[in-house]
Amino acid sequence: MDFPRPHRTLRVRTQGAVPRLPSKADVNDEVETDARRSIPAGESIARDDGGPDGRGEGRTADGLPAATVVLKPKRARPFFGRHPWVLDSAVLRVDGDPESGAVVDLTTHDGLFVGRGLWNGSSRIRVRLYAFDAATPLDTAEWRRRLERAVALRRTLGMLDPSGACRLVNSEGDDLSGLIVDRYGAYLAVQVTALALAGRLELICDALEALVAPRGILLRGAERGLAKLEGLHLPDRVLRGAPPDGPVFVTEHGLRFGVDLTEGQKTGHYLDQRDNRQAAARLARGRRVLDMFSYSGGFAVACAVAGTARSVLAVDGSPRAAALARANAELNGAASITVEAADAFEKLDALAAAGERFGMVVLDPPKFARSRASVDDALRAYHRVNRLAVDLLETGGILVTCSCSGSVSRDDFLQMLAGVAQRGRRTIQILEVRGAAADHPVSVSCLEGEYLTCVIARVI
Ligand code: SAH
């Protein structure tokens with residue numbers, strides 16, 4: 001099997017320029033719950049077995065508040081509504097001098113208890129709230145209980161099959177703002193986007209080991225912008241056990257995928273698209289499929305093997321991703337898949353110029369909008385790529401089009417498609433509007449966690 005060998009080093013993202021401080025209006029986008037689809041850029045560093053992760057819990061080992069954060073008048077409503085992010089602009093004053101990572105209580109300006117959370121003096125999110133009653137200490141037992149609840153959900157969903165992969169912890173969706181844990185077979189990949197949880201990695205690892213007994217736990221870097229905003233400088237490293245010495249093979253809806261845990265994008269595999277790949281495959285039978293932005297070939301393999309597509313052309317701008325897709329095609333015996341490393345826009349233009357037609361086009365681009373300020377630009381880019389895709393579709397062809405930009409709403413995305421129908425003079429029938437798979441729960445109190453839209457449509 002020709003899987004590209006992961007290097008024996010883990011990737012760390014290079015430090016870019018300090019991002020502009022977000023305005024209040026767009027901070028929620030800057031702190032999207034899922035650091036997804038940044039095009040990898042980075043340098044490799046030697047494996048690090050130790051390092052500063054602030055093993056203690058600051059001044060609050062008992063989980064009780066070290067200080068009180070007082071809200072400005074009329075700013076408490078979102079937090080009575082259980083939204084977990086308290087921005088600096090909502091804070092009137094701090095009674096006490098909490099260290100970053102310390103437990104703090106949040107009160108209204110006239111002293112009414114609102115919630116309990118963790119302090120970060122250097123982030124726009126000054127407090128992340130984790131409890132809304134004064135009786136809950138944020139101690140080791142409480143973090144363990146939350147992790148237990150998260151794992152119990154995946155058990156309920158039937159996702160703890162040892163050969164499978166799933167998201168074990170989904171940040172706000174599991175009442176653990178700033179923590180993502182993905183399980184790939186016997187390995188766990190952890191992403192931390194909250195400084196206060198970075199200081200609790202040891203107890204988080206202890207709990208995860210007790211709950212799922214992994215062979216290894218790896219720390220993967222969060223998106224660069226996010227890390228900077230939180231003042232987080234966590235290099236990728238092995239937290240527990242040993243890293244795999246090659247790809248980890250996992251099963252997804254009966255298909256096999258090799259996952260590169262140390263060098264791959266995100267934590268290694270786009271788990272959120274698991275059920276959307278299956279939904280696309282259901283409509284792929286006998287069609288010529290274009291899987292654009294294919295990464296490791298998830299949609300391509302599902303359409304070729306489960307969907308019995310006639311042929312699949314998978315395209316990704318990253319040669320490394322293309323190599324992974326080729327290896328996954330081979331692993332599943334999918335001879336009908338061709339993989340190319342090319343720029344999506346150039347390739348779509350070239351296919352159109354050559355008069356090529358497809359029965360299905362999958363578009364799963366990286367995040368086009370990084371903040372609310374860039375939504376208009378992102379929508380223009382979505383329009384352009386979808387217009388090109390629709391032009392390649394034969395009459396009755398299927399468009400599977402995705403957005404993982406949390407700041408682009410479903411309505412905006414569907415409006416963008418309406419524009420494509422108008423300009424392209426085609427009828428676009430929505431068949432399904434889907435989100436991330438069920439192991440990516442979203443809290444109703446923090447809808448910012450709902451970042452993925454996958455529209456399946458027929459184009460006449
Ligand atoms: N569909 C994939 C996930 C895609 S993630 C899956 O199911 O696993 C987005 C991908 O877009 C990344 O692999 C990235 O390398 C690729 N990409 C980003 N910019 C691109 C461009 N301009 N042209 C082609 N691919 C690009």
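Mind listing whichever residues of segment 117-142 are in a helix (DSSP H, G or I) and either touching a Leu at 6+ places or on another chain (Cβ under 6 Å) or closer than 20 Å to Pro98 by Cα (or both)?
Listed by number, the list holds a single entry, Thr140.
Test of understanding: among Asp316, Asp343, Asp349, which residue is closer than 19 Å to Leu392 by Cα and touching a Gly at 6+ places or on another chain (Cβ under 8 Å)?
Asp343
Whether any residue in segment 328-335 is near the ligand (Cβ under 8 Å from one of its atoms), assigned by TED's automatic domain parsing to the domain that holds Ala284 and free of Cβ contacts under 8 Å to residues at least 40 places away in the same chain is what I want to check.
Looking for residues that are near the ligand (Cβ under 8 Å from one of its atoms), assigned by TED's automatic domain parsing to the domain that holds Ala284 and free of Cβ contacts under 8 Å to residues at least 40 places away in the same chain, one finds none in segment 328-335, hence no.
List the residue pairs whose Cβ atoms are under 9 Å apart, where the first residue sits in segment 249-263 and is charged (D, E, K, R), the second is part of a strand (DSSP E or B), and the two are 6 or more positions apart or on different chains.
Partner pairs satisfying both residue conditions: Glu252/Gly164; Glu252/Ala165; Arg256/Phe249; Arg256/Val250; Asp260/Val248; Glu263/Leu10; Glu263/Arg11; Glu263/Ser44.
Which one of these is within 28 Å of the chain's Cα centre (by Cα), outside the structural domain of Asn170 (by TED's automatic domain parsing) and at pLDDT below 95: Gly121, Gly58?
Among Gly121, Gly58, only Gly121 is within 28 Å of the chain's Cα centre (by Cα), outside the structural domain of Asn170 (by TED's automatic domain parsing) and at pLDDT below 95.
Name the helices (runs of 4 or more DSSP H) wholly inside segment 184-301 in which the number of residues that are at pLDDT 90 or above and within 16 Å of the ligand (Cβ to nearest atom) is 1 or more. So that I can check it myself, show each step before the final result.
On the way: elements: 195-198, 201-212, 224-230, 274-282, 298-301.
Here the list reads 274-282, 298-301.
Please pick out the residue among Leu118, Leu153 that is closer than 27 Å to Gly268 by Cα and touching a residue at least 12 places away in the same chain (Cβ under 8 Å). Spell out the reasoning first.
On the way: Leu118 fails: closer than 27 Å to Gly268 by Cα.
Every option except Leu153 fails the conditions.
The rows are residues; the columns are (1) surrounded by 14 or more Cβ atoms within 10 Å (Cβ to Cβ); (2) closer than 22 Å to Leu255 by Cα.
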residue: Pro319; (1), (2): no, no
residue: Leu324; (1), (2): yes, yes
residue: Leu331; (1), (2): yes, yes
residue: Ala334; (1), (2): yes, yes
residue: Ile337; (1), (2): yes, yes
residue: Ala342; (1), (2): yes, no
residue: Leu348; (1), (2): yes, no
residue: Glu356; (1), (2): no, no
residue: Gly359; (1), (2): yes, no
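Output the residues belonging to segment 171-183 that are in a strand (DSSP E or B) and among the acidic types (Asp, Glu). Talk me through it step by step, then tell me what you get.
Of segment 171-183, the ones in a strand (DSSP E or B) are 179-183.
Asp182, the sole residue that qualifies.
Among what's in segment 104-139 and is more than 13 Å from Leu197 (Cβ to Cβ) and of a type in the set (Ser, Thr, Tyr), pick the residue that is surrounded by the most Cβ atoms within 10 Å (Cβ to Cβ).
Ranking the candidates gives Thr107 first.
Return the residues of segment 347-377 that are out of contact with any strand residue (DSSP E or B) (no Cβ under 7 Å at 6 or more places or on another chain), within 13 Å of the ligand (Cβ to nearest atom) and charged (D, E, K, R); say none if nothing qualifies.
Scanning segment 347-377 gives Asp349, Lys367.
Checking Leu261 against (1) hydrophobic (A, V, I, L, M, F, W, C); (2) touching a Gly at 6+ places or on another chain (Cβ under 6 Å); (3) at positive phi: exactly one of these is not met. Which one?
(3)
In segment 292-307, which residue that is over 20 Å from the mean Cα position of the chain (by Cα) and within 20 Å of Thr395 (Cα to Cα) is surrounded by the most Cβ atoms within 10 Å (Cβ to Cβ)?
Cys303
Quick check on segment 311-327: of everything there that is of a type in the set (Gly, Ala, Ser) and in a strand (DSSP E or B), which residue is farthest from the ligand (Cβ to nearest atom)? I'd like the intermediate steps shown before the answer.
Step one: filter segment 311-327 for residues of a type in the set (Gly, Ala, Ser), giving 311, 314, 317-318, 321-323, 325, 327.
Keeping just the survivors that are in a strand (DSSP E or B) gives 311, 314.
Values: Ser311: 18, Ala314: 9 Å.
Only one residue fits best here, namely Ser311.
Looking only at segment 422-456, how many residues end up being touching a residue at least 12 places away in the same chain (Cβ under 8 Å) and over 24 Å from the mean Cα position of the chain (by Cα)? Lay out the reasoning, then the answer.
So the first thing to find is which residues in segment 422-456 are touching a residue at least 12 places away in the same chain (Cβ under 8 Å), and the list is 423-424, 426-443, 445-446, 448-456.
Next, only the ones that are over 24 Å from the mean Cα position of the chain (by Cα) stay: 423-424, 426-431.
Counting residues in segment 422-456 that are touching a residue at least 12 places away in the same chain (Cβ under 8 Å) and over 24 Å from the mean Cα position of the chain (by Cα) gives 8.
For segment 152-170, enumerate the residues that are in contact with a strand residue (DSSP E or B) (Cβ under 8 Å, 6 or more places away or on another chain) and more than 28 Å from Pro65 (Cβ to Cβ).
Those that are in contact with a strand residue (DSSP E or B) (Cβ under 8 Å, 6 or more places away or on another chain) and more than 28 Å from Pro65 (Cβ to Cβ): Arg154, Leu157, Met159, Leu160, Asp161, Ser163, Gly164, Ala165, Cys166, Arg167, Leu168.
Among the residues of segment 378-413, count how many are assigned to a helix (DSSP H, G or I) and either at pLDDT below 95 or touching a strand residue (DSSP E or B) at 6+ places or on another chain (Cβ under 7 Å) (or both).
Here the count works out to 8.
The values are calculated or read from the model by the stated rules, or taken from the named source; none is laboratory data. What you are looking at is a predicted structure, and each value in this text was computed from that prediction instead of being measured. In this analysis, Cβ positions are derived from the backbone assuming ideal geometry, glycine residues included, and neighbour counts consider all displayed protein chains.
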